[in-house]
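Below is one structure, written out as structure tokens; the observations come after it.
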Amino acid sequence: MRRGFFKTRWKILLIFLAVAGPGIITSNVDNDAGGIATYSMAGAHFGYTLLWSLIPIMIALVIIQEMSARMGVVTGKGLSDLIRERFGVRITFYLLLALVLTNFGNVIAEFAGVASSLEIFNIPKFVSVPIGAFLVWLLVVKGTYRSVEKVFLFACLFYVTYIISGFLAQPDWGAVRDGFIAPKFELSTGSLGMLIALVGTTIAPWMQFYLQSAVVEKNIKVRDYKHSRLDIILGSLIVTLVAGFIILTCAATLFKAGIRVETAKDAALALEPLAGKYCSVLFAFGLLNASLFAASILPLSTAFVVCEGMGWENGVNKKFSEAPQFYGLYSLLIFLGAGIVLLPGIPLFPVIYISQVINGIVLPLILIFILILINDKKLMGEYVNKGVYNFISWGTVIILIGLSIALLASMLGA
Amino acid sequence: MKDMQEVGLKMFLFFSELLGCSVIDSKDEPIGKLVDMKVKLGELFPKVVTLRIKLRGKKSPLALDWSEIQSLNGNIISLKPDAEKKLKPLELNEGEILLKEELLDKQAVDTYGAKIERVNDIHLLIADGELRIVHVDFGLRGIFRRLGWIKIIDFLTNWFFAYQFPEKMISWKYVQPLASDPQKKNLKLNVTLRKLHELHPSELADIIEELDQEKRSTVFKSLDLQTAAETLEEVDPKLQVSLIESATEEQASDILEEMAPDEAADLLADLTEEKKRKLFQTMEKPHREELEELLRFKEGTAGSIMTKDFISIQEDKTIGEAIEEFRKTTHPLETTTYLYVIDKENHLVGVLTLRHLLLCVNEAPLSKLMNIHLIKVKPEEGVEEVAEIFKKYKFMAIPVVDKDERLTGIITLRDAVESKYKEF
């Protein structure tokens, strides 16, 4: 009996890993500390009212990721490589600087995730964060990341608990339906910020760079491209499903009880219908996994992208002396990011949230570059964008810029 | 005013400083901006032959011969009288590249350091009325210069650390541009990629691994057969397949014939059945038969890693005759340490070492000297067992015999280690 149980589990894992391409992996990294915190807050503070936003976000996510993957397959080059070759060193430098700062915010968020998840077990951040940072650093420098990736990926099945908990919490399905089909929105600083954060956490700027590099590294041929497209659509569906259920569950539990999410303990209460008094333990485990998973990829991807664009040696198979900029930037991001989380009195969840708002503000900038490149006939040949793609992505750019301006205006007005 | 025709004028400048310079006609009227320059490769320090100028109010830039330039002053380029009438659409012939479109900010190979670098700037020299490429800037200083920060950075590093970032300018002699305009895909790039041939195959393999797919196959196709075969042996197995698939069937089978048979067999085993069959069809018979035999052995067995590149000698010969045979051997040898002694039916009867040949008198018969205590393996045996034998006996190579004790191949220590540690 027990054997059989393990056997089926093993089978599920194998099937999952077999289909997990760059799109699905990227999606699961996407549900990082920033994702979990932002979705929890969206549900807890706004109830079901922001659910509708997930549909346009999902459409934009599919379109944008498809573009990144298509560019990777057709050109065989990373995004920063293409930007450098097309726009020259000056624009590339400042763009990468903006990206590094944005990603740095995300790295801080991941370590804030580590700190807050382990605070549930009363482990102080002065212990958890340095250990977490060192672990992540070692994982990559020692080249053991690849083998651990599968563990991280498997642990992402944690998100299923939100789906179960969501059903057990017996949400008001009528309100859920209204949340999806009857968009409600007020022009306040709070809801504008939350909307930008929802976009920024689901379609994070760094993901486009990461996805394209992953596609290039996999050496996918143009003729196999349709599989990648499926992989991306599937990945985006998973992200949206998870996001939707986190929001729904938090709305049905936290929002109903009037709990504001300030710490991981608050957010964990959303899992109470499923796990009862063990909900904190379950949530802590999920948040820790998500944070460490993203913390292993994010600084690495950032260092890689920067070195690729600037023409410095990169890659974990190089020695430190061969690729000093690569390891320097990588280590700096991790240890400085972890260091900031250690500052006394820093509010962890708000920090995570703000980093996702910044993601949403920087995203249109990256999108503009992607759009110029993907419409370049010389570069993409017959694989340039079709009209619908341009329409939706330019629409996303304009809406995001509009939202950012509105946010700024409402902050100044308030 | 720096008049172009002024004899003896020598001046260095950076390409990035020239880009965007305004172009004025002979009446000092501004007509447009410099957007690119065309260079004819081939010479040691190649000449700029054409300027690309974007005229005011026009969308696509036009080309103008270098000889139409009167002078270069600061950031103004003055043309000769009536030069503007000679503007025409750009033509790009073989062996010509555009500096901005194909070199600046792109990847290039530093053949001196055997590395791929990114071009941060191009260092030009005006001498005797001609503009030539002399260096390529691969360094951090080039980046700072283009960002406009060089003075501040120099000041700061001098102030704090009494240090200045060093220049990293590489002479054009050692720079191989990797321009690959989509339209140029079909050109024979052998002329323009010539500098790569100075590299060792393992360096070439490293460089090929770092390139994108399209450049990878362009560079690979530019190599001569022998270099291509040696390079292919060195690259990652996953890339081997895509490289061999990028070549035509005829090229591919020629390259496979040049490769060490065991390496070629490994590569063939990774290809699809159809591709394999097509390659065999174009291959010469002896090569094909040898590879087919090697391919019959399952992966992970001794047979799959053995090679036929060894030397064997009849048992009734003398040392002198063996040396003579050695001298006459022209096919490649994976090891020269051992000579395998066989009887008339190709049964393995003994082993000699190079030392026997060097130390014994010419008249000595092999059968008296050879070592008859033989350690050998069967083709079906696992690689693990082969590794154990190497570990125990510390040989450089082990003979492989079939079920009738006939010598069919050898396994070298190198191949055994390689099969155990794929990345070796």
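Descriptive notes on the structure:
- Averaged over the residues of peptide A:85-91, the number of Cβ atoms from other protein chains lying within 10 Å of each residue's Cβ is 5.
- Cα gyration tensor shape for the stretch B:312-420, rounded if a/c is under 1.5, else prolate or oblate: prolate
- Only Lys, Arg (+1) and Asp, Glu (-1) charged, at Cβ; the stretch B:200-296 dipole about Cα centre in debye: 420 debye
- Rounded to the nearest angstrom and listed largest first, the equivalent-ellipsoid semi-axes of the stretch B:107-177 from its Cα gyration tensor are 25, 16, 10.
- For the stretch B:200-296: Kirkwood Rh in Å [reciprocal of mean 1/r, alpha carbons]: 13.2 Å
- Fluctuation leader among B:ALA322, B:ALA179, B:ALA114 - chain B, Gaussian network, Cα springs under 10 angstrom: B:ALA322
- Of A:ASP30, A:ASP172, A:ASP266, the one that fluctuates the most in a GNM where chain A has Cα springs shorter than 10 Å: A:ASP172
- Kirkwood-type hydrodynamic radius, the stretch A:33-413: 21.2 Å, calculated from all non-identical alpha-carbon pairs.
- Taking a ≥ b ≥ c as the square roots of the eigenvalues of the alpha-carbon gyration tensor, chain B is classed prolate because a/c is 1.5 or more and a/b outweighs b/c.
- Relative contact order for the stretch B:107-177, counting Cα pairs under 8 Å that sit 6 or more residues apart, in percent: 36 percent
- Taking amide H positions as modeled 1.01 Å from N, with prolines and chain starts lacking one, the residues under 5 Å from B:GLY409 and 5 or more places away or on another chain are B:VAL400.
- Axial C-alpha extent at least 30 Å, average Kyte-Doolittle at least 1.0 - helices from chain A (DSSP): A:54-75, A:225-250, A:279-310, A:348-374, A:387-413
- Of B:VAL341, B:ALA63, B:ILE410, farthest towards positive along the dipole that unit charges on Lys, Arg, Asp, Glu beta carbons give chain B: B:ALA63
- Taking the average, over residues, of other Cβ atoms within 10 Å as the packing measure, peptides B:88-96, B:38-46, A:304-312 rank A:304-312, B:38-46, B:88-96 from highest down.
- Take each residue in A:307-313, count the other chain C-beta atoms within 10 Å of its C-beta, and the mean is 4.
- Against chain B, whose longest principal axis is taken from its Cα atoms, helix B:213-222 shows a tilt of about 70°.
- Each Lys and Arg contributes +1 and each Asp and Glu -1, all at the Cβ; summed about the Cα centre of chain B, the dipole is approximately 1900 debye.
- In degrees, nearest ten, helix B:285-296 long axis to first principal axis of chain B (Cα): 70 degrees
- For chain B, the relative contact order works out to 10 percent when only alpha carbon pairs closer than 8 Å and six or more residues apart are counted.
- Chain A - mean residue ellipticity at 222 nm from DSSP helices (-39,500 (n - 2.57) per run, n ≥ 4, rounded to 500): -26000 deg cm²/dmol
- Residues with amide H under 5 Å from that of B:GLY350, placed H, sequence gap 5 or more: B:VAL341
- Residue-wise HN-Hα couplings along the stretch B:308-318, as the Karplus relation 6.51 cos²θ - 1.76 cosθ + 1.60 with θ = phi - 60° gives them from phi, are 9, 7, 9, 10, 10, 9, 5, 6, 8, 7, 9 Hz; Gly and Pro carry x.
- Whole-Hz Karplus values for the stretch B:10-16 come out as 10, 8, 8, 8, 9, 4, 5 Hz, taken residue by residue from phi with 6.51 cos²θ - 1.76 cosθ + 1.60 and θ = phi - 60°; glycine and proline positions read x.
- Across chain A, Cα pairs under 8 Å and at least six residues apart give a relative contact order of 36 percent.
- Taking every DSSP helix (H) stretch of at least 4 residues in chain B, weighting each as -39,500 (n - 2.57) and dividing the sum by the residue count yields a mean residue ellipticity at 222 nm of -10000 deg cm²/dmol.
- Estimated dipole of the stretch B:2-99 in Debye, rounded to 20 [Cβ of Lys and Arg +1, of Asp and Glu -1, Cα centre]: 300 debye
- Average partner coverage of B:104-117, which counts Cβ from other chains inside 10 Å: 2
- Rounded to 10°, Cα long-axis angle of helix B:249-258 versus longest principal axis of chain B: 60 degrees
- Gyration tensor (alpha-carbon) shape descriptor, the stretch B:2-99, a/c threshold 1.5: oblate
- Of the residues B:ILE133, B:ILE311, B:ILE150, the one that moves most in a GNM of chain B with alpha-carbon contacts below 10 Å is B:ILE150.
- Of all lysines in the structure, those lying under 17 Å Cα to Cα from A:LYS377, and not within fewer than 8 positions of it along the same chain, are A:LYS77, A:LYS386, B:LYS59, B:LYS184, B:LYS185.
- Binning all Cα-Cα separations of the protein assembly as shown at 20 Å, short to long from zero, yields these whole-percent fractions: 13, 36, 32, 16, 3, 0.
- Take every DSSP beta bridge whose two residues both sit in the stretch B:312-420; close to 75 percent of them are antiparallel.
Rule-based calculations on the coordinates, nothing more; no lab input. Note that the structure is a prediction, hence the values are computed from the model and not measured. Virtual Cβ from ideal backbone geometry, glycine too; neighbours counted across all protein chains shown.
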